[in-house]
Amino acid sequence: MGIDMSKKKGLTFYQKKKKLNVVILKEIIGWIFWIFASMLLAVVTIFCVGMKTSVIGSSMEPGLYNGQGIFLNRVIYKVSSPKAGDVVVFLPNGNEKSHYYVKRVVGVPGDTLYIKNGVLYVNKETVEEYFNDKIAEPGTLENEVTLGENEYFVIGDNCNNSEDSRSANIGTVKKEYIIGKAWFKMASGDSDIGFVE
């Protein structure tokens, strides 16, 4: 009888072990499913909502570097408008043969802008937080400019090495020429991977 009980205990132990493996296996399959579903959702989001491009030139240093890959949100400006401080990707004058420009919005429709003594004024308030230096060339902002409906004024953070709205051949950027908002940057040089600020 003692022999029979030990056999019974052995069988019970074996059955519990087998049941435990099935539970673990189900949990692993569940995790794999959710990881795969998350990856699929991310890929669909990037290709349907977003787009990848690269920064050309040093006009957005130190935040974004030449050649650095960025993802942009192409849908956000279909439901809202660019705001001051947004980093946008656009085609100058809608020229589809041009490369994408990446700049920071400093003026929105209705704003009045000018540059005096190397400082940008928007609606008579100084704006210095985006730039790494005093602005050497005021360009079109030597005189006051008031933005019309759907017009945006953009300047590169590296303001003294940037072709932007101050240049007559770029000028103000119409909303329809803005491709999207720079959203996420890839690692490059001294810049870490992360959200565009």
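The values are calculated or read from the model by the stated rules, or taken from the named source; none is laboratory data. The shown structure was predicted, so the numbers you read here are calculated from the model rather than taken from an experiment. Note that we place each Cβ from the backbone using ideal geometry, even for glycine, and neighbour counts take in every protein chain shown. Heavy atoms of the whole protein, side chains included, go into the accessibility calculation; ligands, DNA and RNA do not. Shrake-Rupley method; radii C 1.70, N 1.55, O 1.52, S 1.80 Å.
For Asp133, are the conditions met, namely being modelled with pLDDT under 95 and charged (D, E, K, R)? Quick ask: steps written out before the conclusion?
Values: modelled with pLDDT under 95: yes; charged (D, E, K, R): yes.
When the stated conditions are applied, Asp133 passes them.
Tell me, yes or no, whether the range 175-197 has at least one residue that is more than 22 Å from Gly69 (Cα to Cα), in a strand (DSSP E or B) and out of contact with any Gly (no Cβ under 6 Å at 6 or more places or on another chain).
Looking for residues that are more than 22 Å from Gly69 (Cα to Cα), in a strand (DSSP E or B) and out of contact with any Gly (no Cβ under 6 Å at 6 or more places or on another chain), one finds none in the range 175-197, hence no.
Which one is farthest from Ser98 (Cα to Cα), of the residues in the range 128-158 that are touching a residue at least 40 places away in the same chain (Cβ under 8 Å) and open to solvent by less than 20 Å² (accessible area, probe 1.4 Å)?
Filtering the range 128-158 for residues that are touching a residue at least 40 places away in the same chain (Cβ under 8 Å) and open to solvent by less than 20 Å² (accessible area, probe 1.4 Å), the one farthest from Ser98 (Cα to Cα) comes out as Leu147.
Test Ile115 against the stated conditions and say whether it is open to solvent by less than 50 Å² (accessible area, probe 1.4 Å) and either in contact with a His (Cβ under 9 Å, 6 or more places away or on another chain) or assigned to a strand (DSSP E or B) (or both).
Details: open to solvent by less than 50 Å² (accessible area, probe 1.4 Å): yes; either in contact with a His (Cβ under 9 Å, 6 or more places away or on another chain) or assigned to a strand (DSSP E or B) (or both): yes.
Yes; evaluated as a whole, the condition is true for this residue.
Could you tell me which numbered condition Gly94 fails, if it satisfies all but one of (1) surrounded by fewer than 17 Cβ atoms within 10 Å (Cβ to Cβ); (2) free of Cβ contacts under 8 Å to residues at least 60 places away in the same chain; (3) not hydroxyl-bearing (Ser, Thr, Tyr)?
Here Gly94 meets the rest and fails (2).
May I ask you to list pairs of residues, at least six apart or on different chains, whose Cβ atoms are under 7 Å apart, with the first in the range 63-79 being touching a residue at least 12 places away in the same chain (Cβ under 8 Å) and the second being open to solvent by 30 Å² or more (accessible area, probe 1.4 Å) and acidic (Asp, Glu)?
Gly63/Glu197
Return yes when Gly171 is under 16 Å from the mean Cα position of the chain (by Cα), small (Gly, Ala, Ser) and closer than 20 Å to Ile56 by Cβ and no when it is not.
Working: under 16 Å from the mean Cα position of the chain (by Cα): no; small (Gly, Ala, Ser): yes; closer than 20 Å to Ile56 by Cβ: yes.
In short, no.
Of everything in the range 57-104, what is in a loop (DSSP other than H, G, I, E, B) and hydroxyl-bearing (Ser, Thr, Tyr)? Give them in sequence order.
Ser58, Ser59, Tyr65, Ser80, Ser81, Ser98, Tyr100
Is it fair to say Lys7 is exposed (fewer than 14 other Cβ atoms within 10 Å of the Cβ), under 23 Å from Glu163 (Cα atoms) and modelled with pLDDT under 90?
For Lys7, the condition - exposed (fewer than 14 other Cβ atoms within 10 Å of the Cβ), under 23 Å from Glu163 (Cα atoms) and modelled with pLDDT under 90 - is not met.
Here's a check for you: in the range 19-56, which residue that is in a loop (DSSP other than H, G, I, E, B) and in contact with a Lys or Arg (Cβ under 9 Å, 6 or more places away or on another chain) is modelled with the highest pLDDT?
Val55
When the residues of the range 118-135 are narrowed to those that are assigned to a strand (DSSP E or B) and of a type in the set (A, V, I, L, M), which ends up farthest from Tyr77 (Cα to Cα)?
Val119
Out of the residues in the range 98-131 that are among the small types (Gly, Ala, Ser) and more than 22 Å from the chain's Cα centre (by Cα), which is farthest from Tyr152 (Cα to Cα)?
Filtering first and then ranking leaves Gly118.
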